[in-house]
Amino acid sequence: MATKHARHPASWWAQFPEVSDRFDAAVVTEGLADCITPKIASPLLRREAEIAAEIVVRHLNKPASPELAERAGKAIERLVATVERLAERHTSEDSGTTEVYALCHALQGRWADAAAEAEMFAGTQPLLKVFVGALHLERFDTGLTVRLLRAGQDPGSAVQAGLVVGKYGWWPQWLLKIVSERAMAGTLDAETVEALDRCAYAELSPAQSKVARRLLNGEAALIDASASRLETLGEQEAATKLREGDLNAVALAARLIPV
């Protein structure tokens, strides 16, 4: 018996097309087919499913072709008819139709339904890679987004974090690590990104960067000492903001540390 995995509802998978106006129908359909068809036990049924998927993906890559559109429609109809006949003959859960139904939904453009069904037997990780790959986003950290999704974040937040890290890929490694940590903790918002950007532009020495990292991580004793230094230098407002947790004061505080 195939291993059953945890499932996300179709409504969760449906969020992916909403976060990118470049979501690629051909990529997600082909990816889902690649995840699903190897799980179809019957060789003959699996071959029929592969042929149908190939025809539909060809159509999605050339949507303006009437001939391909007609062939794709007929291929889906044949596969649906086949699986319905099988379902009528078998009443047990092991009838072998679960995987084919999931593929039919994928070929019909019901990707969220297909993923929710396929996750039980294909696992979450392969499906996440398919959906993230179909986003077609530029300057995007795919690896971070997949990690966030696996950690339980919703697609919107995870994709936004991937976009931030992709956009600011020139930031120093220590700062990118903080971004990843805050993203994993669910605390990466626009204000935080703006503050971190100030740190990136601050041209900190290695020692100052280490201090900045400790300040960003909320080390109380260091924050108090740094705020006191700011007060000594006449930066009362910055000192107050630093004590209040304002991240924009971190860059200034770190730069005042002797090199």
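The order of the peptides 19-25, 48-54 by mean Cβ neighbours within 10 Å, most packed first, is 48-54, 19-25. Most tightly packed first, judged by the mean number of other beta-carbon atoms within 10 Å of their residues, the peptides 229-237, 175-183 read 175-183, 229-237.
Hey, what's the chain come to in accessible area per residue, 1.4 Å probe, Å²?
53
Between ALA207 and ARG85, the modelled label-to-label distance comes to 8.0 nm, taking each label 7 Å out from Cα in the direction of the beta carbon. For the range 119-129, the Karplus equation 6.51 cos²θ - 1.76 cosθ + 1.60, evaluated at θ = phi - 60°, returns couplings of 4, 4, 10, 9, x, 7, 4, x, 5, 4, 4 Hz by residue, with Gly and Pro reported as x.
For LYS62, the aspartates and glutamates whose Cα falls under 18 Å of its own Cα, not counting residues fewer than eight places away in the same chain, are ASP24, GLU30, GLU54, GLU70.
Annotation: lysines with alpha-carbon distance below 16 angstrom to LYS167 (same-chain offsets under eight excluded): LYS177.
Using the Karplus relation 6.51 cos²θ - 1.76 cosθ + 1.60 with θ = phi - 60°, the per-residue 3J(HN,Hα) values for the range 138-154 come to 8, 6, 9, 8, 5, x, 5, 4, 5, 4, 5, 5, 5, 7, x, 6, 6 Hz, with x marking Gly and Pro. Maximal additional length on extending the ASP189-ALA14 stretch stands at 60.7 nm, based on 0.36 nm per residue less the C-alpha distance. Couplings for the range 223-228, taken from phi via the Karplus curve 6.51 cos²θ - 1.76 cosθ + 1.60 with θ = phi - 60°, read 4, 5, 5, 5, 5, 5 Hz in order; Gly and Pro are left as x.
Computing the accessible area with a 1.4 Å probe over protein heavy atoms, can you report the carbon and sulfur percentage for the range 111-249?
Of all accessible area on the range 111-249, carbon and sulfur atoms account for 49 percent.
The values are calculated or read from the model by the stated rules, or taken from the named source; none is laboratory data. All of these numbers come straight from a predicted model, not from anything done at the bench. Cβ: placed from backbone, ideal geometry, glycine included. Neighbour counts: every protein chain shown. With ligands, DNA and RNA removed, areas are computed over all heavy atoms of the protein, side chains included. Shrake-Rupley method; radii C 1.70, N 1.55, O 1.52, S 1.80 Å.
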